[in-house]
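Data first, discussion second: the structure below is written as structure tokens.
The values are calculated or read from the model by the stated rules, or taken from the named source; none is laboratory data. The model shown is predicted, which means the values in this text are computed figures rather than measured ones. As a convention, Cβ positions derive from the backbone with ideal geometry for all residues, glycine included, and neighbour counts pool all protein chains shown. Keep in mind that these areas ignore ligands, DNA and RNA; they rest on the heavy atoms of the full protein, side chains included. Shrake-Rupley method; radii C 1.70, N 1.55, O 1.52, S 1.80 Å.
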Amino acid sequence: MLAPMRFICLAVIATLLVLVGGCSGVGYYWQSVSGQLEIWGRERPVTDVIEDPRTDESLRRKLVRVEKIRDFASRELKLPDNASYRSYADLERPFAVWNVFAAPEFSLVPLQWCFPVAGCVAYRGYFDRAVAERFSAGLAAQGNDVYVGGVPAYSTLGYFADPLLNTFIHFPDVEIARLLFHELAHQVAYAPDDTVFNESFAVTVETEGVKRWIVGTGDQAALADFQRRQRARDEFKRIVERCRQRLDALYRSGIAPEAMRARKDAILEQMIEEYHAFRQSASFTGYDRWFAQRPNNAQVASVVIYTQLVPAFQALLDREGGDLGRFYAQVKLLANLPKNERADALRKVALQAQARAPR
């Protein structure tokens with residue numbers, strides 16, 4: 001049953017959002033509120049699910065293991081020790097939300113949407129895939145490149161307790177650990193209007209956290225699997241980054257639209273070919289779904305959002321001697337700076353790290 005106080009809080013927030021957003025935002029905000037209410041209505045404490053004799057045995061065993069991962073997150077990674085990921089909900093669908101990304105035909109700068117609580121973000125989330133697809137189609141009709149990506153989990157930034165979901169509970173343990181550490185990181189520090197900062201910070205925490213978790217388990221097979229997946233992630237990012245650089249140079253060239261369009265198609269095709277070559281050499285199919293629809297500017301931008309500042313954050317963590325508490329404190333300070341100052345400060349950290357690196 002939905003906790004009355006939580007319902008009241010959400011109702012107040014929804015009312016304020018509608019008042020601030022105006023009539024044009026009523027439909028979007030209502031789907032956000034109703035989607036969150038549905039999740040809460042399906043939640044059960046993890047301990048209750050584990051003890052329920054009707055629970056499938058494989059789910060029971062997985063939840064027991066995930067409880068340990070959740071405890072590790074707070075005990076060893078200094079991530080929030082709260083009610084998040086202490087409950088479980090089966091949504092009976094493959095994703096929690098579907099995010100819509102969009103970018104102009106000849107630009108890698110994603111469109112942004114602004115909200116009173118989260119600030120401006122480079123995507124728009126929907127609990128219903130059909131609604132997301134309709135919104136995406138409208139953006140495409142305006143000449144934008146669009147991408148609709150299913151998301152297994154999202155963060156309410158600590159305003160509410162986020163549950164474990166069926167959308168990711170079947171993942172390998174290492175991927176669940178990655179996801180939980182990422183989403184909990186959003187509760188540590190969040191800079192409104194700066195998606196790249198927020199996501200890059202969370203990716204840094206998830207990567208460092210998974211490394212430490214695996215070392216703590218002593219599971220050599222899990223370590224090997226993580227390293228294999230991490231190499232694939234890194235290669236995927238390099239492939240997309242090379243494409244991004246080629247597209248960025250093209251869009252700055254000022255050539256005629258017809259020629260630019262043809263060259264754009266060739267660059268995107270080159271990225272696809274590079275992935276297929278990697279896929280065959282590494283026997284890794286983890287990004288096949290991403291390439292299932294022909295990639296475009298919106299897809300390329302969606303990857304950059306999550307990775308662009310990771311090297312700078314990693315350099316900051318190294319500067320703090322790997323101490324996550326000190327690292328988080330510095331990130332919170334950065335999050336409170338104006339966006340330009342924040343970017344300059346991270347750039348300086350990255351340059352200092354490069355200067356110290358052995359040549």
- Query: Just wondering, is there one or more residues in region 254-266 that are among the acidic types (Asp, Glu) and under 29 Å from Val188 (Cα atoms)?
  - Reply: no
- Task: Look at region 46-79 and say how many of its residues are in contact (Cβ under 8 Å) with a residue 40 or more places away in the chain and touching a Ser or Thr at 6+ places or on another chain (Cβ under 7 Å).
- Result: 1
- Name the pairs whose Cβ atoms lie under 8 Å apart, with the first residue in region 220-235 and part of a helix (DSSP H, G or I), the second open to solvent by 70 Å² or more (accessible area, probe 1.4 Å), and 6 or more positions between them or separate chains? Leu223/Val215; Phe226/Lys211
- Of all residues in region 63-116 being of a type in the set (Gly, Ala, Ser) and closer than 30 Å to Leu250 by Cα, which is surrounded by the most Cβ atoms within 10 Å (Cβ to Cβ)? Ala102
- Out of Glu269, Glu274, report the one residue that is closer than 30 Å to Ala350 by Cα, in a helix (DSSP H, G or I), without any contact (Cβ under 8 Å) to a residue 40 or more places away in the chain and charged (D, E, K, R). Glu274
- Item | Residue that is least open to solvent (accessible area, probe 1.4 Å), among those in region 291-315 that are closer than 15 Å to Ala343 by Cα and outside any helix (DSSP H, G or I) | Leu309
- Picking from Glu269, Glu320, Glu274, the residue that is farther than 30 Å from Gln352 by Cβ, surrounded by 14 or more Cβ atoms within 10 Å (Cβ to Cβ), out of contact with any His (no Cβ under 7 Å at 6 or more places or on another chain) and at pLDDT 95 or above would be Glu274
- Item | Scope region 176-218; condition open to solvent by 20 Å² or more (accessible area, probe 1.4 Å), of a type outside the set (A, V, I, L, M, F, W, C) and closer than 14 Å to Tyr328 by Cβ; matching residues | Gln187, Tyr190, Glu208
- Screening Gln280, Gln308, Gln293 for residues that are in contact with a strand residue (DSSP E or B) (Cβ under 9 Å, 6 or more places away or on another chain) and either modelled with pLDDT under 95 or under 30 Å from Val100 (Cβ atoms) (or both) leaves only Gln293
